[in-house]
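Down below is the structure, laid out as structure tokens.
The values are calculated or read from the model by the stated rules, or taken from the named source; none is laboratory data. Values in this document were obtained by computation on a predicted structure and should not be read as measured data. All Cβ positions, glycine included, derive from the backbone under ideal geometry; neighbour counts span all protein chains shown.
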Amino acid sequence: MIDVTLSGGTDTNTSIAFNLWVKNTVLFWKNSLASLTIGFVDCADLTFMTYLKTRLGEIRGIDDGKVKSFLGIRYGQSPTNGRRFLPPLRTCPWTGTFDATTYPNRAMQLKTESSRGEPIEGDMDEDCLFLNIVTPSNNTKLCPVLLWIHGGAFINGSGNEFDGSVLAYQGNVVVVTVNYRLGLFGFLDLSIHGRRYASSASNNISDLILALQWLQENIGDYGGDCNNVTIFGESSGGSAVLGLLAAPSADNLYHKAIAHSPTCPYKTLSDPTDLILKQLNVDKNEYIETLLSMPAKKLVDLKGYYGICVDGLVVTRCAYEAIRDRGALGVPLLIGTNREEGTLYTSGEDEAQDHYPAWNIGLAKQTLCGGDPTKYLAALAREYPDASPGKFHEMIWTDMFRRNSLIAAELASAAGPGGWFYRFDYPANLPRYRKLGATHSCEMAFTFNLFAKKDARGHIFHDRDNPDVRRLANIWSDTIIGFARTGQPNGFGLPHWPKYRSPDRQCLIFDARPRIEADPDEIHRGLWDS
């Protein structure tokens, strides 16, 4: 650390002493200077403290000259102690200056490092209802807002792992990433154990709804337009996007939706009491007391189904039914999948694994939204008689995300707001990922345009120094931004992209040369409907 004197001012010269950390550090600055000159430091390596007065109180964030970041803002009270398994409660104003310069707690989970093998920002804690805001430094009017819902199979992940700074600066938008309850904390159905737990199976979705309510009330303080909010997410985060479409209390809190590789929430509640009791090894009359008193770290290890269910209170019907019900009052939907989704789960290997047979049945059932998978699996085997066990498993993963997305897109177009359907075909080109092709989650770096920032957080499957990668990432991220701004994806660098509807089923194929293709899923649609 060194001391430096800065001079500036409009009418008189002003000298102020500061503490300065060089490279990845912060300059504490609360005074208004007309100019700032540091002769021996590269200003590109500096970030400044920024202060903002909001309806909840004064907040301190970080400004790098392009974007301002406000990290770890509490949107819900701590769901701990007596509030474990209960619906979230809105936060209260704070006193003093809130320090929003470090990443917040992330939800309880098994994951301890990022997909790149690096430590994850933020501690793991049951008290996890926080969000991070990135907003353009110099915006002069309210900007569109994008709320990112992370993936991780509803048991892992955090908003801390996604860098929204490139999107915010590139598109003059506000990007919000959110942490919310996962696993047992977000999905355990305790409804038969008392009215206070009636909606416990949907605490995850209730957390997201509370975050959207917080945005409606507060995002204007950060330069965001509460009347132009887009929810977007990938994998389980994309499924949560569809879950929000089916949650009436979320209606009117968002205005567009983007779902990357989602599944459709359709399952009804199934009491898990016996399953959990066997793991706890306690009597039924001790069940709730035990769950409430156990350390959070031990609860993470309990096995069960953790995903969105139609509970009738928060999520009132399956997403497909909700899209039909809402009709023209629904929202535009941009949705799609990757060409080789399943390679992420096989590592691109052909060999059989012990879990494949049971998983194949479960994945196929989700593909059909609860339908009997017998005919579909038999038809898939007939169509690809030479497929190895690994390739067969991969195809079911790919079909699951594909069919669930296709139906949602077609319904959104039929309902009126419009559904635009894509397939991301651009294969991974980093040497260690080449055998995966266009695998599950590989388009995320394009959505956030991580290639435009050398130290951006996120899992990258493509070579950031490849000019085609950078070109395509600019086009794709511009389209994401444009959709959030206008509710349609045309005019941002891609070929004209029609709504997805029968019988032509026009789909964007995103590859080195993006194109529109009619019904690229014709063969597999026949297998699904067999």
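For this structure, a couple of remarks:
- Complete set of residues in the range 332-374 that are β-branched (Val, Ile, Thr) and under 30 Å from GLN488 (Cβ atoms): ILE335, THR337, THR367
- Cβ pairs under 8 Å, 6+ apart, first in the range 329-341 and farther than 17 Å from ALA240 by Cβ, second in a loop (DSSP other than H, G, I, E, B) and of a type in the set (Ser, Thr, Tyr): ASN338/SER261; ASN338/SER441; GLU341/SER261
- If you go through the range 209-229 and keep only what is free of Cβ contacts under 8 Å to residues at least 60 places away in the same chain and either in a helix (DSSP H, G or I) or buried (at least 23 other Cβ atoms within 10 Å of the Cβ) (or both), you end up with just GLN216.
- Selection of the range 122-140 for residues being in contact (Cβ under 8 Å) with a residue 60 or more places away in the chain and either assigned to a loop (DSSP other than H, G, I, E, B) or under 18 Å from the mean Cα position of the chain (by Cα) (or both) yields ASP125, GLU126, LEU129, LEU131, ASN132, ILE133, VAL134, THR135, SER137, ASN139.
- Some residue of the range 178-186 being touching a Pro at 6+ places or on another chain (Cβ under 8 Å), assigned to a loop (DSSP other than H, G, I, E, B) and more than 18 Å from ARG485 (Cα to Cα): yes
- Among the residues making up the range 53-84, those that are of a type in the set (Val, Ile, Thr) and crowded, with 22+ Cβ neighbours inside 10 Å are VAL67, ILE73.
- Residue selected from the range 355-376 under the condition under 22 Å from THR439 (Cβ atoms) and free of Cβ contacts under 8 Å to residues at least 24 places away in the same chain, by the criterion farthest from the chain's Cα centre (by Cα): HIS355
Every residue, every condition in (1) in a helix (DSSP H, G or I); (2) surrounded by fewer than 15 Cβ atoms within 10 Å (Cβ to Cβ); (3) of a type in the set (Val, Ile, Thr), yes or no:
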residue	(1), (2), (3)
ILE335	no, no, yes
LEU344	yes, no, no
ASP350	no, yes, no
LEU363	yes, no, no
ARG382	yes, yes, no
ALA387	no, no, no
HIS393	yes, no, no
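- Residue within the range 415-435 that is in contact with a His (Cβ under 9 Å, 6 or more places away or on another chain), on the phi > 0 side of the Ramachandran plot and not aliphatic (A, V, I, L, M) present: no
- Any hit, the range 431-450, residues being in a loop (DSSP other than H, G, I, E, B) and surrounded by fewer than 17 Cβ atoms within 10 Å (Cβ to Cβ): no
- When GLY304, GLY238 are screened for being in contact with a Pro (Cβ under 7 Å, 6 or more places away or on another chain) and modelled with pLDDT under 95, only GLY304 passes.
- Considered as a group, the residues in the range 72-120 that are in a loop (DSSP other than H, G, I, E, B), among the charged types (D, E, K, R) and free of Cβ contacts under 8 Å to residues at least 60 places away in the same chain include one that is nearest to TYR51 (Cα to Cα), and that residue is GLU118.
- Flag if CYS309 is buried (at least 20 other Cβ atoms within 10 Å of the Cβ) and in contact with a Lys or Arg (Cβ under 7 Å, 6 or more places away or on another chain): yes
- Hits in the range 407-430 - residues which are outside any loop (DSSP other than H, G, I, E, B) and closer than 24 Å to GLY390 by Cβ: ARG423, PHE424
- Those residues of the range 281-307 which are aromatic (Phe, Trp, Tyr) and either assigned to a loop (DSSP other than H, G, I, E, B) or not assigned by TED's automatic domain parsing to the domain that holds MET124 (or both), in sequence order: TYR305, TYR306
- Given (1) part of a loop (DSSP other than H, G, I, E, B); (2) within 25 Å of LYS391 (Cβ to Cβ); (3) over 23 Å from the mean Cα position of the chain (by Cα); (4) not hydroxyl-bearing (Ser, Thr, Tyr), index of the condition HIS459 fails: (3)
- Test: residue in the range 482-489 that is surrounded by fewer than 17 Cβ atoms within 10 Å (Cβ to Cβ), part of a helix (DSSP H, G or I) and either touching a strand residue (DSSP E or B) at 6+ places or on another chain (Cβ under 6 Å) or of a type in the set (Val, Ile, Thr) (or both): yes
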